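Below is one structure; the comments refer to it alone.
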Amino acid sequence: MTKALKQEGIDLSFMSKIVSTHVPFSREDLIGSLQETQDHYGYLPEEVMDKLAELTSTPVALIYGIATFYSQFHLKPHGKYAIKLCRGTACHVKEAPKISSAISSHLGIKDGETTNDMLFSLESVACLGTCFLSPVMLIGDQYYGKLTPESAIEVLENIAKENKAK
Amino acid sequence: MVTLSKEIKNLHHIREKIKNKQAKRQVRICATGCRALGALDIYETFKKELKEAKLQKEIALIKTGCQGFCSGAPLVSIDPDNLLYVCLKKEDVREIVNTTLIGKKPIERLFCRDKKKPVIDRSKIPFFSYQKRLILTRCGYIDPTNLDDALAHGAYEVLEKVLTSMDPEAVIEKIKKSGLRGRGGAGFLTGLKWGYAHSAQGSEKYLICNADEGDPGAFMDRALLEGDPHMVLEGIVIAAYAIGACKGYIYVRAEYPIAIEHLKIAIEQAEKYKLVGKNILGTGFNFEIKIKQGAGAFVCGEETALISSIEGRRGQPRPRPPFPTESGLWGKPTTINNVETLANIPVILKIGANEYAKLGTKKSKGTKIFALAGKVNNTGLIEVPMGITLRELVEDIGGGIPNGKRFKAAQIGGPSGGCVPAQFLDKPIDYESVKEMGAIMGSGGLIILDETVCMVEIARYFMEFCVKESCGKCPPCRIGTTRMLDILERICGGKAEMKDIPRLEELALQVKKNSLCGLGQTAPNPVLSTLRHFRDEYIERIKLKKKTRRGKPII
């Protein structure tokens, strides 16, 4: 979840910290560093990738190439709650597409997008490996299984309510 | 008499100590898969209730990995009573403590039901009685975050034997003799692969454990890593010794946080006991292991793409030869084995290659772990001997199809596999027979489909998956799968013509023949197998020009 993101600009000091944990920095450390970076910033801002390139003398194109190849990386800010909706086979035959469209119309976003209030983002993932819970979604580290379109929306409404109460 | 190193003596000492310390009664709660349905809450409630009843010393409360019977989640098993309570709620815990743990009486209401009748004895539940759990023997039984518990149940005994009394050639010979084939999908003989790796030139060799279980509908490796990471780790160290590797990686999907956590703990604890790292068990053998997290790319399950990813590049495959056993990670000889394959190693060396080879069919030996899911009553993790029939899997272990519906097909092998229809229900399952039926063994994902599922839609679903996951390097896969999806969408949308069927078939064969790696070569399989077994559904969809089939809405 987004922690260090500042409205006016991005604090880049975290990048030197990451690089200092991998000495000497090798190509092998690149994907891991980007994962740590995303954990910290919530996504991969352009400035951050530039900084990583500069600190590690790696071509920016290479870093950008990795960031766009792997589906785990996001180039845009993510919602506070990332909804990972499973599109595995077991979920699919148990009507996951209906849940996907119910969530989409409830939040007014498509797969891969984030709500305007930055609360939710929706991404469908290959398979969460919890087929016995199908259809299932993962929000944070909490699984919600055996969903119906109604129960999925109820989960989202409860999260939104709790968030407001905070 | 060989003198034992101090590390080995220490291991023996720990084993003895723990065996004597074990509580007489144990309550085991699945805290991995069942976590999603509130297992941790139930654990905490048990802890509190046991404390209140002053039973916390007499009864061991153990958080385990997957016990297999996932459709009963959350569940607990109680030993030595041999009880299994399923679909628990927090409110049931007090009753279990009072009635079963104190009163020594079972609670019928919480039993697992077979054909609506409660089954008291866990081993008599058909879901378990048809299985042969060799690899999963400790999975769901031990606490996966506690090496001592694993040691008390036989972990690393085989490693000790291998390092003190066998040379690498002897280990490879045993694995060859066992007939073990790679469990990742292709089914290559593991002993043969190790033989190549062992004789490959070069002082620096690598071993990679492929835990990038990407097939939708497969969770065998996840369950193994979460429930008994030491079985895999022991297999890894033995494999490294056999091929002469000094360094290794476990490449795990980032989507499996619990598996990563348990692996990290397991490696840390094993290092402390000198079971991995420098001078293992004082024998002078060094092997360093690192975890690499995947970043969400299905193609990284392909071995050359996986190597690219570990090297810090885009996970794109390259042509073979050279095979990784000659030139792999950083250009050095590299052996890549799947999680389940490696977990088989300690078992084979423990029971003996001959005994192991007695299990299974002529060409497929041993057992296979399947993830049973979809439209079946008992979903879960199962281990069965090779050669079991689909009927036994679906009806006996799986408990049949829910809501009185009929079985239509089993999807075996994920996006690289195919759909096996009802006429093959009584055919024994092994690598060869599954191929004949138009699917592949794959990693072991088994999704049961009932009569309400439209097969054209299933083919479209898998093609959509392959289009998204194609790495884009070779045109047959990148463009071919996209065009195939176009045709399938036309058919599903009621806008196709009859000529689209031969078009689709021709394209499928071209993609299969000309793609660079396994992803593209197998991506047409779901289409080809449904065209072969369910061609009438394609024709019907095209003729009806509608989005519904037989008046029923299609998923």
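What are the pairs, 6+ residues apart or on separate chains, where a residue within segment B:253-282 that is under 13 Å from residue B:230 (Cα atoms) has its Cβ under 7 Å from a residue that is charged (D, E, K, R) and crowded, with 23+ Cβ neighbours inside 10 Å? Between residues of segment B:253-282 that are under 13 Å from residue B:230 (Cα atoms) and residues that are charged (D, E, K, R) and crowded, with 23+ Cβ neighbours inside 10 Å, the close pairs are B:259/B:222; B:259/B:226; B:262/B:226. The helices (runs of 4 or more DSSP H) falling completely within segment B:338-457 that include 3 or more residues that are modelled with pLDDT of 95 or more, surrounded by fewer than 22 Cβ atoms within 10 Å (Cβ to Cβ) and more than 18 Å from the chain's Cα centre (by Cα) map to B:353-357.
Residue by residue, here is whether (1) aromatic (Phe, Trp, Tyr); (2) surrounded by fewer than 18 Cβ atoms within 10 Å (Cβ to Cβ) holds:
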{"site": "B:65", "(1), (2)": "no, no"}
{"site": "B:70", "(1), (2)": "no, no"}
{"site": "B:74", "(1), (2)": "no, no"}
{"site": "B:107", "(1), (2)": "no, yes"}
{"site": "B:111", "(1), (2)": "yes, no"}
{"site": "B:118", "(1), (2)": "no, yes"}
{"site": "B:121", "(1), (2)": "no, yes"}
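Here segment A:130-159 is the region considered, the condition is being part of a loop (DSSP other than H, G, I, E, B) and in contact with a strand residue (DSSP E or B) (Cβ under 8 Å, 6 or more places away or on another chain), and the residue that is farthest from residue B:70 (Cα to Cα) is A:140.
Against the test of being more than 14 Å from chain A (Cβ to nearest Cβ) and within 25 Å of the chain's Cα centre (by Cα), the options B:101, B:84, B:88, B:61 yield a single qualifying residue, B:84. Checking the stated criteria, residue A:91 turns out to be at pLDDT below 95 and not in a loop (DSSP other than H, G, I, E, B).
Condition first: in a loop (DSSP other than H, G, I, E, B) and touching a helix residue (DSSP H, G or I) at 6+ places or on another chain (Cβ under 6 Å). Now tell me which residues in segment A:49-74 satisfy that. So that I can check it myself, show each step before the final result.
Of segment A:49-74, the ones in a loop (DSSP other than H, G, I, E, B) are A:57-59, A:70-74.
The one that is in a loop (DSSP other than H, G, I, E, B) and touching a helix residue (DSSP H, G or I) at 6+ places or on another chain (Cβ under 6 Å): A:73.
Can you spot a residue in segment B:309-317 that is among the aliphatic types (A, V, I, L, M) and either outside the structural domain of residue B:173 (by TED's automatic domain parsing) or more than 17 Å from the chain's Cα centre (by Cα) (or both)? Reasoning before the result, please.
We begin by selecting, within segment B:309-317, every residue among the aliphatic types (A, V, I, L, M); these are B:310.
Next, only the ones that are either outside the structural domain of residue B:173 (by TED's automatic domain parsing) or more than 17 Å from the chain's Cα centre (by Cα) (or both) stay: B:310.
Yes: segment B:309-317 contains one or more residues that are among the aliphatic types (A, V, I, L, M) and either outside the structural domain of residue B:173 (by TED's automatic domain parsing) or more than 17 Å from the chain's Cα centre (by Cα) (or both).
Could you look through segment B:1-12, keep only residues that are aliphatic (A, V, I, L, M) and assigned to a loop (DSSP other than H, G, I, E, B), and pick out the one that is farthest from residue B:163 (Cα to Cα)? Per the criteria, the residue is B:1. So in segment B:458-500, with the set limited to residues that are more than 13 Å from every other protein chain (Cβ to nearest Cβ) and part of a loop (DSSP other than H, G, I, E, B), which one is surrounded by the most Cβ atoms within 10 Å (Cβ to Cβ)? By that ranking, first place goes to B:496. Hey, any hits in segment A:12-25 for a residue that's within 11 Å of another protein chain (Cβ to nearest Cβ), not acidic (Asp, Glu) and not in a loop (DSSP other than H, G, I, E, B)? Looking through segment A:12-25, none of the residues is within 11 Å of another protein chain (Cβ to nearest Cβ), not acidic (Asp, Glu) and not in a loop (DSSP other than H, G, I, E, B).
Please indicate, with yes or no, whether at least one residue in segment B:83-104 is modelled with pLDDT under 95, among the hydroxyl-bearing types (Ser, Thr, Tyr) and surrounded by fewer than 18 Cβ atoms within 10 Å (Cβ to Cβ). Within segment B:83-104, none of the residues are modelled with pLDDT under 95, among the hydroxyl-bearing types (Ser, Thr, Tyr) and surrounded by fewer than 18 Cβ atoms within 10 Å (Cβ to Cβ).
Answer yes if at least one residue in segment A:73-85 is among the charged types (D, E, K, R) and within 12 Å of chain B (Cβ to nearest Cβ), and no otherwise. The answer is yes, given that some residue of segment A:73-85 is among the charged types (D, E, K, R) and within 12 Å of chain B (Cβ to nearest Cβ).
Quick check on my filter: what residues within segment A:119-129 are assigned to a loop (DSSP other than H, G, I, E, B) and within 7 Å of another protein chain (Cβ to nearest Cβ)?
Filtering segment A:119-129 down to residues assigned to a loop (DSSP other than H, G, I, E, B) leaves A:119, A:126-129.
Of everything in segment A:119-129, those that are assigned to a loop (DSSP other than H, G, I, E, B) and within 7 Å of another protein chain (Cβ to nearest Cβ) turn out to be A:126, A:127, A:128, A:129.
Once segment B:189-225 is narrowed to residues that are modelled with pLDDT of 95 or more and of a type in the set (Phe, Trp, Tyr), the residue that is farthest from residue A:130 (Cα to Cα) is B:196. Reported count of residues in segment B:283-313, each being of a type in the set (Ser, Thr, Tyr), under 19 Å from residue A:28 (Cβ atoms) and more than 14 Å from chain A (Cβ to nearest Cβ), is 1. Look through segment A:94-118, keep the residues that are hydrophobic (A, V, I, L, M, F, W, C) and part of a loop (DSSP other than H, G, I, E, B), and return whichever of them is farthest from residue B:376 (Cα to Cα). Checked segment A:94-118; the qualifying residue farthest from residue B:376 (Cα to Cα) is A:118. Residues that are β-branched (Val, Ile, Thr) and touching a Lys or Arg at 6+ places or on another chain (Cβ under 9 Å) were ranked within segment A:45-67; the one that is nearest to the other protein chains (Cβ to nearest Cβ) is A:66.
Among the residues of segment B:13-22, the ones that are in a helix (DSSP H, G or I) and loosely packed, with under 14 Cβ neighbours inside 10 Å come to 6 in all. Candidates are the residues of segment B:249-282 that are part of a strand (DSSP E or B), at negative phi and more than 14 Å from chain A (Cβ to nearest Cβ); the one that is surrounded by the most Cβ atoms within 10 Å (Cβ to Cβ) is B:280.
Only residues that are in contact (Cβ under 8 Å) with a residue 60 or more places away in the chain and in a helix (DSSP H, G or I) were counted in segment B:300-329, giving 9. Against the conditions (1) modelled with pLDDT of 95 or more; (2) surrounded by fewer than 22 Cβ atoms within 10 Å (Cβ to Cβ), residue B:186 satisfies every one except (1).
The values are calculated or read from the model by the stated rules, or taken from the named source; none is laboratory data. Bear in mind that the values here come from a model prediction, so they are computed numbers and not experimental data. Note: ideal-geometry Cβ built from the backbone for every residue, glycine included; neighbour counts use all protein chains shown.
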